[in-house]
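Accompanying notes for the structure given below.
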Amino acid sequence: MEATTFNAILDSLQEVSDSYLKAPSAQPDRATLDRWQPATSAWQKLQAISGWIPGIQAESIEIDGHRIQHWRIGSGHGTPVVLLHGFGASKENWASLIPAIRRRSMTLYLPDLPGFGQSDYRADARYTYEVQARRMAEWARHLTLPPAFWIGSSMGGAVSATLAANHPEHVAGLVLMNAAGMGSARHSPMESQLIEGRNPLIPGNADETRTLFRYATWRGRGVFSRVMPLAMGPEMRHRRPVNQHLFMDMMQPRERIPELLERVQAPAQVIWGERDQVLDVSCAHHYGALLPNAEVTVLRGIGHLPMLEAPVQTGRLVRRFLRDNG
């Protein structure tokens, strides 16, 4: 990649983060964070029940002062495949993709990243991509996993890419779906809002929650965008101060993702929805150009969440990648 293009990528990232971090609305109230406790919401009850689904082993281990909850699907033998969810989400986001990629020759691991879902949040902790990648490397060591395939959506993609660069001994391959952390050739609708100091990913009321799910899928289509605001809305609004903290940490990495990708030697697959309103599709091609061993697939008519919008098509791509690189 030419130096001018690379610098433009970094400038794009810097413009968004600098503008957003200066906004008063981005600042979490520290006193509120110190008092914050998880709520007993309908969504949390559903998460607890989901661990009893046949074939899912609900497990947890403590890493870096956080109790990390995860699902294990499979015998624990064979190729490990780890799926990392995006910002404001949890392991349940992968439910529709599981049947499309599951094989007897692999074991799937679906953690709630620290700070999210059923895993612990701590007001005094940091949640940058580097710190989360280090925690997941320690998590993999604790489970004695051989090198795994890491599949990451949005924020989870940025954590997976950071893990591959900084802890390569744990990574056999990468699948990055609409991954965060990359500068774009043009700002997405969400990035334009961040530059203006607004964050549609952190809703504070019912209208903002509905707007979030319209951003998440192309044209807010499908049952997902209609049902999920009702199911998850109260939980997301309760988590607003926590999500402000988590998002600010995401925007302040010690080393920006484009600067570390040259260290990634594992094979990589980049999957992106052409109509992504959160992270512009130009980011897919930037990831493809900067990763030494990457293939890029852009899905027409799909938004930010391919695993939810097109699970069969996405699953077919992932299965092929796992087969060809396993």
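Here are the numbers:
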{"item": "Segment 156-315 shape via C-alpha gyration tensor axes, a/c threshold 1.5", "result": "prolate"}
{"item": "D280 long-range amide H proximity, modeled H, under 5 Å", "result": "S188"}
{"item": "Solvent-accessible area per residue for the chain (1.4 angstrom probe, square angstrom)", "result": "42 Å²"}
{"item": "Solvent exposure ordering (accessible area, 1.4 Å, most first) of R122, R198", "result": "R198, R122"}
{"item": "Protein accessible area in the chain, 1.4 Å probe - carbon and sulfur %", "result": "51 percent"}
{"item": "Overall form of segment 279-326 per C-alpha gyration tensor (a/c, 1.5; a/b vs b/c)", "result": "oblate"}
{"item": "Cα gyration tensor, segment 231-321 - rounded (a/c under 1.5), prolate or oblate", "result": "oblate"}
{"item": "Overall dimensions of the chain by Cα: Rg and Dmax, Å", "result": "18.2, 53"}
{"item": "Sequence-separation-based contact order of the chain, relative, with Cα cut under 8 Å and 6+ spacing, percent", "result": "22 percent"}
{"item": "Between segment 79-114 and segment 260-274, the Cα center-to-center distance that results, in Å", "result": "18 Å"}
{"item": "Area accessible to solvent at V131, 1.4 Å probe radius, in Å²", "result": "30 Å²"}
{"item": "Cα-projected label distance for I195 with N7, points at 7 Å along beta-carbon direction, nm", "result": "1.9 nm"}
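The values are calculated or read from the model by the stated rules, or taken from the named source; none is laboratory data. Note that this is a predicted model, so its numbers are computed, not measured. Note: ideal-geometry Cβ built from the backbone for every residue, glycine included; neighbour counts use all protein chains shown. Just so you know, the surface numbers come from the protein's heavy atoms only, side chains and all, with ligands and any DNA or RNA stripped out. Shrake-Rupley method; radii C 1.70, N 1.55, O 1.52, S 1.80 Å.
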